[in-house]
Structure formats: C-alpha cells, structure tokens
Amino acid sequence: MVNIIVEASKYLIIIFFAVYAYLCFSVFSNRKTDEDKAAIFSGQNRLMFFIHFIANVDILIKSENKEIIIFYAYQVILLASILILYRFLYPKASRLVVNNMCMLLVISFIMLSRLSLDKAQKQFFIAVISMIITLFIPFFIHKIKYLKKLTWIYGIGGIFLLAAIAVAGRVSYGAKLSFSIGGISIQPSEFVKIMFVFFVSSMLCQSTELRHLIKTTIMAALHVLFLVISKDLGGALIFFIVYLVMLYVATKRPLYALGGLVSGSFAAVIAYFLFRHVRVRVLAWKDPWAVMKGEGYQITQSLFAIGTGGWFGLGLYQGLPKKIPVVEQDFIFSAISEELGGIFALCLILVCISCFIMFLNIALQMKEQFYKLIALGLGTVYGFQVFLTIGGVTKFIPSTGVTLPLVSYGGSSLFSTLIIFAIIQGLYILRQDEGENNDRSKKEKRKVKRTKRKDEKVRKE
Amino acid sequence: MKKSERNKELAVITYIFLGIFMLLMGYFVYFNVFVSEEVINSPYNARQDVFEDRIVRGDILTNDGTVVAKTEVSSDGNQTRVYPYGNVFAHVIGYASKGKSGIESLGNFSLLRSHAFFLEKMYNEFKKEKNKGDSVVSTLLLDVQQTAYDALGDLNGAVIAIEPSTGKILAMVSKPDFNPNEIDNIWDSLVSSEDSTSTVLLNRATQGLYPPGSTFKILTTLEFLRENKNASDYTFDCQGSLTKDGVTINCYKGSVHGSVDLITSFAKSCNTSYANIGLTLNNTKFKGLCESLLFNQKLPFELPYKKSSFVLSKKSDTSEIMQTAIGQGKTQVTPLHMAMITSAIANDGELMVPYLIDSTQNYSGVSVKKNKPVSYGKLLTEKEAGIIQEYMENVVTNGTAKTLAGQSYQAAGKTGSAEFSNVKGESHSWFVGYANKGEKEIALAVIAEGAGAGSEYAVPIAKKIFDSYFN
C-alpha cells in the first residue's frame with residue numbers, strides 16, 4: 001500500500017507540475033479571454049495544492065514524523081493567505097507572478113522538509129515574516145513618488161554595506177558573505193542587489209550623457225570590486241551583468257555593452273591568474289573527475305545525483321541527495337532533479353523562465369524610464385541568478401555558488417527575492433493605473449472588444 | 001511602431017536571456033540522454049547501492065546468448081548469484097559479492113537497472129516486487145572460452161583471444177582459477193596472504209606480468225626495419241652462441257642455425273642473430289617504438305590491468321641490450337598487451353580498443369544499448385604490418401609453429417620460451433598469433449607457466465582454439 005502511494009505520487013507530481021508549467025505559457029495565447037485566464041490561474045492554484053499535498057503525504061509516510069502534519073497545515077494557511085490577500089488587496093497584481101512565487105515556495109518547502117525538517121521550519125518562519133513585510137511594498141511603490149530621487153542613498157548605502165562585509169564579514173566556503181546580528185545571519189549583498197538596481201535606474205533615468213555615465217560606471221565598478229574582495233564571485237558577476245544590461249537598454253548603445261563585456265572578460269582572465277579560488281572553480285569545472293576527491297567532489301556528486309535520478313527521479317527519500325555538500329543551498333536543483341526527476345527539473349526551469357518573462361514584460365509596458373529600468377534590472381538579477389545556479393550544478397558553466405531564488409535554503413536570499421517579486425507586483429499595479437489614465441485608444445479598443453463579446457454572448461443565448 | 005522602436009533593446013535582452021535558457025535546457029537534456037550513462041556508472045557513485053534494494057541483478061550472457069551468470073530468487077526472497085559454468089568464466093565474469101570484479105563490476109550499473117516495459121515496472125513496484133535488472137551481453141564466445149579453458153588444462157597461465165577488426169574479446173582465461181559460486185565460502189582462504197594459492201584471484205590475462213621471451217622479437221624486428229632501409233639484405237652466420245663483453249647468448253637448446261637472413265632468424269627464433277641485431281639498434285629509438293606500442297603506457301582497457309615495462313636506455317650495458325633484444329632482460333608484458341599488439345598487426349596496424357561488453361538489453365531481450373567498436377589508432381603503418389604479417393606467416397610455414405600449417409584456416413604467429421628463473425630450462429611457453437578464414441579472424445596470446453618451449457605447449461593450445469573458432 002505504501003509503495004502504491006509513493007510510486008503513484010512520483011508520477012502524479014511530475015504530471016501536475018508539467019501541466020502547471022504548460023499553463024504558465026499557454027495563458028498568453030491571444031484567443032484567451034479574461035475569464036479563460038482567470039480559470040487557468042485558479043487551475044494553477046489547484047495543481048499547486050495537489051502537488052503540495054501529495055508530496056507531504058510522501059514525506060509523512062517515509063519520515064513517519066507526525067510533526068509534518070502540523071507543519072503542512074501551517075504551510076497551507078500561509079499559501080492560502082498569500083493568494084487571498086493579494087487578490088483582495090491588489091486585484092490588479094499579476095496573478096501569474098503570485099502563482100509562480102507560491103509554486104516555487106512549495107517546491108522549496110517540499111525539498112527542504114525532505115532534506116532537513118529543521119531547516120524547512122526556519123525557512124518557513126522567514127517566509128512568513130517576509131510575506132507580512134513585503135505585502136506592503138506594492139502599496140508603497142504606488143504611493144511614494146520620490147523613490148527615484150533617493151539616488152545616492154541607494155548608491156552610497158550599497159557600497160557601505162559591501163565594504164563593511166569585505167572588512168568584517170564572516171567567512172563561509174571561502175567567501176565573505178554574511179554578518180551575524182543577534183544570532184541571525186544576514187547576507188547584505190542579497191539586499192544590496194536591489195539597492196543597486198534602484199541606484200542605476202535612478203542615475204540612468206536622469207541623463208545618459210557621458211560624464212554622468214562615467215560617474216555611474218565608477219560606482220558600479222566599486223560595487224563589483226568590493227564583492228571580488230569578499231571573494232563573492234557569483235555576486236560580482238551578477239552585479240556586473242545587471243549593470244551592462246541596464247546601461248545598454250538606457251543608452252541604446254550596444255557598443256557600451258560590448259566594451260563592458262570585453263573589459264569584463266579581461267578582468268576575468270586576470271582574476272583567474274590572481275586568485276586561487278577562481279582557478280579551483282575552473283579546474284573543478286573542466287575535469288571534475290580528475291579531482292573527484294577534492295575540488296571536484298561537489299560537482300561530481302551533483303552529476304551523480306542528476307544522472308541517477310534520470311527523467312522520472314528516484315522518488316522522495318529514495319535517493320542520496322545529502323551526499324552533495326551544501327545541497328540545501330547552492331545545490332538544491334540537483335536534489336530536486338535526483339528525487340523528483342529530470343522532467344520536473346526542466347519544468348522548474350520553465351517556471352523560472354516564466355517569472356523572468358513576466359519581469360521583462362512589465363519593463364516593456366512601463367512608460368516611465370525609472371520604473372522600466374527597475375523592472376529590467378530586477379528581472380536580470382533574477383534571470384541571471386537562475387542561470388548561474390542551474391548552469392553551475394549541471395556543469396554547464398563553472399559553479400559560482402549562488403542560490404536558486406525562492407527555492408534554496410537561506411533567509412536573506414528568500415527575503416530579498418520576495419521583495420523583488422513584491423516590487424514587480426507594485427509596478428504591475430502602477431502600470432494598470434498608467435494605462436487607465438493615459439491610454440485612450442486602448443480603452444476604446446477594449447470597448448469594442450467588450451461589445452463584441454457581448455454580441456457573442458447574446459448570440460449564444 | 002513607435003512602441004516597438006522604443007523597446008528594441010528590451011526585446012534584444014529578452015531574446016538573449018531566452019537563448020541562454022534554451023541552451024541550458026538543451027544541455028540538461030543532452031546530459032541526461034548522452035552523458036549521464038557513463039557518469040553514473042562510476043564506481044564512486046554511491047547511489048548504485050540504492051538500486052540493489054529495488055532490482056534483482058540481471059543476467060550476464062555470452063555473445064551467443066548463453067547465460068553465464070544469473071540471480072536466483074528463492075520463494076522466501078533470498079537471492080543467490082549463480083554461475084552455471086563455474087570456473088570456466090571465473091576471472092572474466094568475476095563475482096558480485098566481496099567487492100566486484102570482471103564483467104560483474106564493469107556492467108554493475110546496467111545489471112542493477114531495469115528497462116523493462118514501464119507499465120510492467122510500475123505494476124511490480126505497486127506489488128512491492130523487485131524488477132528484473134537488464135542483461136549484459138558480453139563479447140565472449142562460449143565455445144572459444146570453453147576450449148581455451150580446457151586446452152590450458154592443469155597448467156597455470158592465461159589465454160586471451162580478440163577479434164582484430166573490432167576489439168571484441170572472445171575469450172579470457174586465467175589459471176589457477178576458482179569457483180565463483182563458492183566465492184563467499186572460499187574468500188577468506190583466498191585472500192589470506194600466507195596461503196600459497198593467494199594469487200588465484202589475480203586475472204593473469206590482464207594483471208600477470210611475464211618476460212615476453214621470443215615473442216618480443218616482433219618488436220625488435222620492427223625497430224630493425226625502421227632503422228635499416230635495406231633490412232632484407234641482412235645476413236648472419238649463427239654458430240649457436242654469441243659472446244660479447246664476456247656475455248654469451250645461446251640459441252634455444254644449443255641449436256645452430258647457420259647462415260640466416262632476417263625472416264629466417266624470425267622463423268627459427270634465432271637468439272644469436274637477434275642479440276646481434278640488438279647491438280646495432282639505437283636504444284632511445286627502440287624505447288620510443290616500444291612506448292608507441294604501449295609499453296610503459298596506460299592501456300585502453302576498462303578492467304584492472306598492469307602496465308607493461310620496457311627500460312632499455314643509453315646507459316644499459318651489453319648484456320642487458322642483448323637480453324632485451326631476445327625478450328629476456330627486464331622487459332615485462334601482460335598477455336592482454338601482447339594480444340593487443342598481435343591484433344593490431346593482424347588488423348593492418350590499427351588497434352581496436354579491446355572490450356568485453358557487447359550490448360545491454362532488458363530482461364526480455366529488447367536492446368537497450370549497443371557498444372560500437374572504437375579505434376585506438378595506428379600502432380604501426382600498414383606497410384610495417386604487412387611485413388610483420390609475412391614474417392609471422394613464415395613462422396607457421398617454415399619455423400617453430402609448423403603444427404599450425406595446412407589447416408582450413410591461415411595461421412600466423414610467433415612462439416616464445418621465456419626463462420624466468422636461474423634454473424636452466426625452466427621457461428614459460430608463449431604463443432602470440434592470429435588466424436583467418438574468409439572474413440573471420442581471431443588474434444590471441446597464450447602463456448603456459450613453466451611449461452617449456454612455446455612450440456611444444458602454447459602452440460597446440462592455440463591450435464585447439466583456432467580449430468574451435470573456425471570449425
């Protein structure tokens with residue numbers, strides 16, 4: 001009996017999640033009416049709760065820990081609250097983004113419960129606090145009009161935090177990443193990412209004259225420099241790419257981006273020869289099998305996990321994901337791939353892509369340059385981080401030690417990503433207001449559509 | 001229009017990112033389809049053990065479909081690994097408990113995975129019954145293996161036979177042997193170092209290092225050919241012994257060969273003439289040649305093996321030079337390595353990587369994966385291979401392996417008697433050679449420990465194998 005449940009649930013989870021991922025994209029089809037879309041989004045919610053339920057039954061059966069039942073109930077309350085509160089407080093928010101946010105949290109809770117219930121509970125606690133705080137963010141984005149005037153608060157504040165961490169940070173896995181305040185470990189770079197995007201957006205929306213650009217670039221370079229000093233290579237790379245992308249879009253000059261890319265590559269080569277830990281990462285990437293017992297241990301274990309899992313996965317509690325060091329954080333994708341399967345992992349990438357598209361979609365729609373750049377910057381932060389972590393654990397690129405947003409264990413990462421999602425929601429709401437106030441032609445079109453639809457309804461009746 | 005103009009850069013960024021995401025997903029699919037098989041087969045993959053709880057270990061078959069290893073499950077769920085041919089396949093199939101060896105180790109992951117029809121697999125999983133693992137089809141041929149095993153008889157030694165055009169290993173025998181059915185019971189006595197039979201588990205075909213004896217004259221000849229354009233003009237007057245710097249080299253059992261050219265020296269295995277040749281060779285180049293034929297090198301082979309060694313250098317003295325030229329001295333080879341060289345000669349210089357697993361199939365016989373022959377590259381040129389082939393054929397027609405002449409197949413080879421102790425006359429009996437009949441071809445190396453001359457012991461063993469393969 002136990003076997004039937006565990007085996008069937010393995011395939012059910014894959015099927016449900018595949019349908020969920022499909023709906024993320026099919027919802028954009030032109031023929032879909034608003035009612036259709038609403039139905040799809042509700043369908044996604046049901047699928048999410050199914051997956052969540054099935055997986056927790058598995059976990060309960062396999063771990064035989066009754067605590068799971070109560071923990072599961074708390075999770076359901078949190079997820080339901082997020083969905084309901086967003087619908088009532090922000091009816092104009094993007095439902096797809098809310099759904100994806102919850103879905104990724106569900107995957108995170110499932111995997112962390114399986115790996116370490118203690119960590120899962122900590123993560124859940126942080127999720128609750130973060131959700132309560134970030135629920136106000138869309139409101140503030142809407143109300144506070146002087147956000148773009150705080151340029152130097154973002155810039156100087158960010159550099160100050162990064163400098164502090166470079167000087168006094170705690171070393172973990174070779175990099176200085178965190179402070180410990182009152183027993184809680186905080187990774188400031190996760191939050192500085194957001195400040196940095198705000199800083200660059202506010203600078204670039206003021207002017208794109210050369211002198212102004214040089215000022216901005218120097219500030220950006222300082223950010224990257226402090227991260228390199230802290231040996232946070234993944235972080236440095238993200239800041240660097242985000243700046244190039246924003247610079248390119250704001251100035252419309254591909255040459256700037258190309259120039260940046262070339263000088264960045266030079267810097268990377270210099271870093272390779274200068275820093276041992278850079279060489280180690282590249283070495284472990286080029287031929288991990290040659291250094292399997294040393295530098296290549298983590299990545300080879302990760303590849304064993306992904307490979308052994310195959311397309312359908314070994315099933316929850318059937319694999320050995322704990323063989324991978326720091327599996328809950330940087331290598332959570334490998335654990336997911338091992339136990340839930342390669343198909344599930346591919347769908348997870350699709351859901352992340354769906355989030356990324358929604359982020360850039362709002363950038364496309366925003367009229368005001370400042371908000372446009374913020375959406376672009378945050379979208380790039382998110383998309384590039386997803387690429388770095390999944391690319392790293394699958395040996396597509398050298399591993400840089402970054403987390404998978406919303407899925408990996410880590411309070412700062414979770415909190416900052418929830419802030420990013422909330423800001424994006426704020427922009428969606430802002431955009432809808434913009435639309436209602438300014439875009440007359442659209443309104444007229446909508447009217448025409450509405451009457452058409454009415455006609456159809458009449459005909460059907 | 002205006003809007004799309006304004007957002008061109010955003011579109012570019014979106015497409016670039018979608019592009020790299022597509023690459024990432026493509027790579028992930030590629031990894032799962034093409035790379036993961038090899039990755040997860042690694043003995044360092046601890047996850048293999050997880051499978052033993054869910055899968056009944058699959059069968060191992062010979063290339064002609066005979067089951068040579070299977071797992072029997074008794075009614076109370078106890079599993080026993082059964083080897084119907086017992087000692088015959090002992091080393092090459094290996095054992096699956098007490099650590100793993102042979103094909104049991106090589107194909108471990110395939111044996112522990114099931115590619116049964118997925119509905120059947122799900123059905124079994126629901127019933128909480130173990131699925132049947134995939135079968136591994138080896139390259140071995142039952143008849144050839146059995147013949148080789150019987151032909152070696154009570155002698156210690158090894159036989160390895162390879163198909164030159166593919167690298168398929170057709171037989172691999174090592175003696176003394178053991179009964180793999182009894183491995184759990186005899187293990188303790190086999191591994192205790194004081195026991196005299198402690199080398200029983202050693203696969204002599206791949207891990208036994210022997211002096212090559214006269215079979216090494218193949219390499220000496222090859223080097224002489226490379227250093228002398230008109231090597232065919234070489235003549236030497238054999239008086240039965242050659243003395244230089246106080247060291248004397250004798251021909252086998254005091255034979256006197258008289259005036260010999262190169263091909264006759266090879267056919268008669270004239271030690272005196274080869275010692276003479278050795279003295280003319282450039283030691284550094286000779287070493288280079290041997291290393292290009294994989295002495296002192298890693299072999300392209302998946303099971304544990306020993307590296308062959310060749311240590312001649314500028315500093316070597318006359319005695320060592322003369323000894324080395326006739327295959328004594330410090331040179332050591334494995335039967336596997338000699339068989340590979342012979343196989344390359346038979347295959348016009350190209351070495352095919354030797355392999356033991358032909359394919360895997362699910363338990364009901366549906367193919368899962370087929371291994372294709374892989375070329376290692378040219379060990380010698382086609383022209384050189386042609387000359388050595390001619391010399392080896394002459395050994396059969398006019399030389400030390402006449403027993404093989406006049407058969408339904410064409411045989412060629414080189415005998416050897418490798419002295420391994422100071423006691424005169426105690427020597428290992430060697431034969432390396434190949435034979436063909438139409439398209440069918442087989443190369444082999446035979447060594448019978450302490451038996452005496454190659455022509456007396458090793459050649460008849462080779463003949464039995466050829467007979468069994470071609471008739």
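Since every read-out is calculated from the coordinates, none of them should be taken as a lab result. This one's a predicted model, so the numbers in the text were calculated from it and none came from an experiment. Quick reminder, even Gly has a Cβ in these numbers, built from the backbone with ideal geometry, and neighbours come from all protein chains shown.
Key figures for this structure:
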read-out	value
Percentage, to the nearest whole number, of Cα pairs in the stretch B:170-275 over 21 Å apart	56
Kirkwood-type radius of the protein assembly as shown, with distances r between different C-alpha atoms, in Å	32.7
Most positive-pole-ward Cα, B:Phe17, B:Ser241, B:Asn63, against dipole of chain B from beta carbon charges	B:Phe17
Computed E for B:Leu209/B:Lys98 - FRET, C-beta separation, R0 25 angstrom, nearest 0.05	0.55
Given A:Lys286/B:Lys285; A:Lys119/A:Lys149; B:Lys121/B:Lys370, the pairs whose alpha carbons are separated by over 28 Å	A:Lys286/B:Lys285; A:Lys119/A:Lys149
Built amide H within the under 5 Å cut-off of B:Met352, gap 5+	B:Tyr376
Per-pair calculated FRET efficiency, R0 = 30 Å: B:Ser241 and B:Thr284 via Cβ, rounded to 0.05	0.60
Förster radius 25 Å - calculated FRET efficiency between B:Asn228 and B:Gln389 (Cβ-Cβ, nearest 0.05)	0.85
Residues with amide H under 5 Å from that of B:His115, placed H, sequence gap 5 or more	B:Asp134, B:Tyr363
Cα-based equivalent ellipsoid, the stretch A:30-103: semi-axes from gyration tensor eigenvalues, Å	29, 14, 7
All-pairs Cα distance distribution in chain B, expressed in whole percent, bin size 20 Å	23, 47, 22, 7, 1, 0
Karplus (6.51, -1.76, 1.60) ³J(HN,Hα), θ = phi - 60°, over the stretch B:131-142, in Hz, Gly and Pro reported as x	7, 8, x, 5, 8, 9, 9, 7, 8, 5, 10, 3
GluC sites (Glu not before Pro) lying in DSSP loop within the stretch B:372-430, provided at most 15 other Cβ fall within 10 Å	B:Glu426
Sum of -39500 (n - 2.57) over DSSP H runs of 4+, divided by residues of the protein assembly as shown (222 nm, nearest 500)	-18000 deg cm²/dmol
Residue list for the stretch A:296-310, given a label point 7 angstrom along the Cα-to-Cβ vector of A:Val280 and an amide N cut-off under 17 Å	A:296-301
The stretch A:95-193 shape via C-alpha gyration tensor axes, a/c threshold 1.5	oblate
Rounded D (µm²/s) - the stretch A:280-420, Kirkwood Rh over Cα pairs, Stokes-Einstein at 20 °C, 1.002 mPa s	135
Inter-chain Cβ neighbour average for residues A:307-320, partner chain, 10 Å	4
Whole-Å distance, taken between Cα centres, linking the stretch B:354-376 and the stretch B:7-34	35
Given chain A, longest segment not containing exposed loop trypsin sites (Lys or Arg not before Pro) (DSSP; at most 14 other Cβ within 10 Å)	A:146-251
Reachable aspartates and glutamates from A:Lys92, criterion Cα separation under 15 angstrom, eight or more residues apart if same chain	A:Asp34, A:Glu35, A:Asp433, A:Glu434, A:Glu436
Per-residue Cβ neighbour rank within 10 angstrom, fewest leading, A:Asp433, B:Asp467, A:Asp330	A:Asp433, B:Asp467, A:Asp330
Taking only Cα atoms of chain A, radius of gyration then Dmax in Å	22.8, 75
Shape parameters for the stretch A:145-274, alpha-carbon atoms, Rg then Dmax in Å	15.2, 47
Estimated inter-spin distance, B:Leu202 and B:Asp184, nm [label 7 Å along Cα→Cβ]	2.9
Per-residue ³J(HN,Hα) for the stretch A:393-401, Karplus 6.51 cos²θ - 1.76 cosθ + 1.60, θ = phi - 60°, Hz, x for Gly and Pro	7, 9, 6, 6, 9, x, 6, 10, x
Under 5 Å, built H, 5+ apart or other chain: amide partners of A:Gly296	A:Val291
For the stretch B:145-165 versus the stretch A:335-399, the gap between their alpha-carbon centres in whole angstrom	60
